[in-house]
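Remarks on the structure that follows.
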Amino acid sequence: MANKLLEVKDLKQYFGAAGNPIKAVDGISFDIYEGETLGLVGESGCGKSTTGRSIIRLYDITDGEVLFKGRNIHASKSRKELKEFNREMQMIFQDPYASLNPRMTAGEIISEGFDIHGLYKDKKERKERIAELLEAVGLNREHANRYAHEFSGGQRQRIGIARALSLSPSFIIADEPISALDVSIQAQVVNLLKKLQREHKLTYLFIAHDLSMVKYISDRIAVMYRGKIVELGKADEIYENPIHPYTKSLLSAVPLPDPLTERIRKRIPYSHEETDEAGKLHEVLPTHFVYGTESQIKKWL
Ligand SMILES: Nc1ncnc2c1ncn2[C@@H]1O[C@H](COP(=O)(O)OP(=O)(O)OP(=O)(O)O)[C@@H](O)[C@H]1O
Ligand SMILES: [Mg+2]
């Protein structure tokens, strides 16, 4: 069994007034093992991005704990340790237009982190590292002097990936990294992420709407619904044996034509009452977890 790189324990992230908060993330727990990809899926507004942003300390979390290599990242006060967390955990964003400054060159974007962390003193070494990163993501060294606005969406996302790699992180949160791209480009970027994972022993939290792509990249999948994780398990298991009604509904919405009837499957409706506040995650099969009350779980199995 691989080591746990990240442990999320009863994480809560609320926004707004204390009396009537928006419970964007409402008590979720999961682990991510070294070298794996955990897919996080669910409809718009269910709390996926907030989960990612809370993990990398963009917020002061409301409650819970996040351990990275066994260390509590929100409790740390040591500057040295915080700097190390910042280096080790990186994020790739959904919109490669909004997330890259169009007036900066690719080289400047990629090397920003070097300077903050004082990695390369010498100009030549720095230039070489930029070239190496551009090549690692399928661009070439001549691209270093071009401005972000001169690149296509797919190329921009490659620059975003190079930026994320620049400090040699071990953990990357990819927040819908392909949803803004043309379908023809999506698979290329996913394949690039897979290749980089192998080469650099990266661990991913891969956030997405698109269930077909998530299945392809993820070892395990967590399904999120209104701030809670309702199902978690190995990717194949989630697809072949979904148990929570919300997961079934989500899967039924994937427009895969049924080869026997040649009809598009109809979406199974889901009613909110099926997520009971009194529920918890139950391990229904080894490594397969489902959220619910005891009686719900009995009914669904
Ligand atoms: N900074 C914030 N302040 C207040 N509310 C917020 C903030 N960020 C997110 N929310 C709310 O928290 C909930 C979860 O948002 P989040 O962006 O995490 O969802 P998501 O699953 O990433 O959605 P999408 O698939 O559309 O990206 C939403 O109701 C959102 O409006
Ligand atoms: Mg989001």
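The values are calculated or read from the model by the stated rules, or taken from the named source; none is laboratory data. In this text, all values refer to a predicted model and were calculated from it rather than measured experimentally. Neighbour counts run over all protein chains shown; Cβ positions are idealised from the backbone, glycine included.
Quick notes on this structure:
- Every residue from segment 28-40 that is within 14 Å of ligand 1 (Cβ to nearest atom) and either among the acidic types (Asp, Glu) or under 22 Å from Glu277 (Cβ atoms) (or both): Ile28, Leu40
- Take the conditions (1) buried (at least 22 other Cβ atoms within 10 Å of the Cβ); (2) within 16 Å of ligand 2 (Cβ to nearest atom); (3) small (Gly, Ala, Ser); Ser179 misses just one of them, which is (1).
- Checking each residue in segment 216-241 for being buried (at least 18 other Cβ atoms within 10 Å of the Cβ) and basic (Lys, Arg) picks out Arg220, Lys228.
- Qualifying positions in segment 26-58 - within 16 Å of ligand 2 (Cβ to nearest atom) and among the basic types (Lys, Arg): Lys48, Arg53
- Which listed residue, of Ser29, Ser44, Ser49, Ser54, is hydroxyl-bearing (Ser, Thr, Tyr), farther than 23 Å from Gln94 by Cα and either surrounded by fewer than 23 Cβ atoms within 10 Å (Cβ to Cβ) or in contact (Cβ under 8 Å) with a residue 40 or more places away in the chain (or both): Ser29
- Number of the exception - His74 against (1) in a loop (DSSP other than H, G, I, E, B); (2) at pLDDT 95 or above: (2)
- Residue within segment 136-147 that is among the polar types (S, T, N, Q), in contact with a helix residue (DSSP H, G or I) (Cβ under 8 Å, 6 or more places away or on another chain) and surrounded by fewer than 13 Cβ atoms within 10 Å (Cβ to Cβ) present: yes
- You will find that of Lys23, Lys124, the residue that is within 16 Å of ligand 1 (Cβ to nearest atom) and charged (D, E, K, R) is Lys23 and no other.
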